[in-house]
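J.: I have a structure here, written as structure tokens, and I will follow up with some questions on it.
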Amino acid sequence: MARTRVFEIDRAIEIATDLFWRNGYERTSLADLTGAMGITPPSFYFAFGSKEGLFKKVLEHYMRTRLSYAEDALNQPTARGVAEQMLLRLADLYTDPKCPPGCLAVNCSFPCSDEATPLRDELAGLRSARRGRLRDRLKRAQATGDLPVDCDPNALAQFLIVVGWGMALAAQSGATRNDLRRTVATALKAWPS
């Protein structure tokens, strides 16, 4: 007869999300994770396979529950609306008092070592995919005349992503929601007309 699991997987992922978001991937130890979850290492490995396996589940959860709020901005009818709503929603996300400041993915993208790892490659892939979705939306806007023909959708997508990353770092360093909203207003002054 199989033993029943004595902890809730979804709750464990929420706990891990908070730990990784606050501490980063490399500074969150197995002992931190098992202690916060109230489980033993064997139970941890049975449920998640490894710390990296758990982190992949955390990223999926974060993308689905938190970043989807900002990604939904891609559905705005105008390219400027996409940019404005995405950045404002990131400002809200990064300063949500119920969560650690900043962005989980950005916080975990600055590992202590310089070694290339599958995890770093995965984070880079996620960033590249987000930039690609934004670039594709801006290309569609350009094709319909919503953006000037001399505008570079790829460079504009990169600009928005970099502003978003900078806002995440500013929030982690204590910037308020109003501070970030002022940053958004300043960034949008550079929007092509």
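Bear in mind these aren't lab numbers, they're just calculated from the coordinates by the rules spelled out. Because the structure is predicted, anything quoted here is derived from the model rather than measured. Every residue, glycine among them, receives a Cβ derived from its backbone with ideal geometry; neighbour counts consider all protein chains shown.
J.: Once both axes come from the Cα atoms, what is the angle between helix 177-188 and the longest principal axis of the chain, in degrees from 0 to 90, rounded to 10?
T.: Computed tilt is about 40 degrees.
J.: Another question about this same structure. Residues with beta-carbon under 11 Å from that of Gln142, excluding Gln142: net charge, scoring Lys, Arg +1 and Asp, Glu -1? All intermediate terms of the calculation are to be shown ahead of the outcome.
T.: Working: positive: Arg135, Arg137, Lys139, Arg140; negative: Asp136, Asp146, Asp150, Asp152.
Summing Lys and Arg as +1 and Asp and Glu as -1 gives 0.
J.: For the stretch 142-193, what is the per residue volume of the convex hull drawn over the alpha-carbon atoms, in cubic angstrom?
T.: Values: hull volume 3.7 nm³, N = 52.
Hull volume over Cα atoms, normalised by residue count, gives 72 Å³.
J.: So, one more: Using a Cα distance threshold of under 30 Å, what count of lysine pairs results for the chain when pairs must be 8 or more residues apart or interchain? It would help to have the intermediate numbers written out before the result.
T.: Numbers: Lys51/Lys98; Lys56/Lys98; Lys57/Lys98; Lys139/Lys189.
Within the chain, the lysine pair count is 4.
J.: Show me the ranking of peptides 145-153, 90-98, 162-170, 26-34 by mean Cβ neighbours inside 10 Å, starting with the highest.
T.: Values: 145-153: 13.3, 90-98: 17.1, 162-170: 19.3, 26-34: 15.6.
My ranking of the peptides, most packed first, is 162-170, 90-98, 26-34, 145-153.
J.: Sorted by packing (mean other beta-carbon atoms within 10 Å per residue), highest first, where do 77-85, 185-193 land? If you can, show how the numbers build up before the last one.
T.: Values: 77-85: 17.7, 185-193: 11.7.
Top of the packing list down: 77-85, 185-193.
J.: Now for a different question. Treating the angle as unsigned and between 0 and 90°, give the value, to the nearest 10°, between the Cα long axis of helix 153-172 and the longest Cα principal axis of the chain.
T.: That helix lies at roughly 50 degrees to the long axis.
J.: Which semi-axis lengths, in whole Å and largest first, follow from the square roots of five times the eigenvalues of the Cα gyration tensor of the stretch 9-188? List each step's numbers first, then the result.
T.: Numbers: eigenvalues 216, 59, 39 Å².
For the stretch 9-188, the semi-axes come out at 33, 17, 14 Å.
J.: Considering the zone a paramagnetic label at Asp96 would reach in this model (a point 7 Å from Cα along the Cα-to-Cβ line), which residues of the stretch 52-66 have amide N under 20 Å from it?
T.: In the stretch 52-66, the label zone of Asp96 (backbone N under 20 Å from the point 7 Å along Cα→Cβ) covers 55-66.
J.: Note down the net charge around Leu59, summing +1 for each Lys or Arg and -1 for each Asp or Glu among other residues with Cβ under 11 Å from its Cβ.
T.: Working: positive: Lys56, Lys57, Arg64, Arg66; negative: Glu52, Glu60, Glu122.
After counting each charged neighbour, the total is +1.
J.: I would also like to ask the following. By the scheme Lys and Arg +1, Asp and Glu -1, what is the net charge of all other residues having a beta-carbon under 11 Å from that of Arg177? It would help to have the intermediate numbers written out before the result.
T.: Working: positive: Arg181, Arg182; negative: Asp92, Asp96, Asp179.
For residues surrounding Arg177, the net value is -1.
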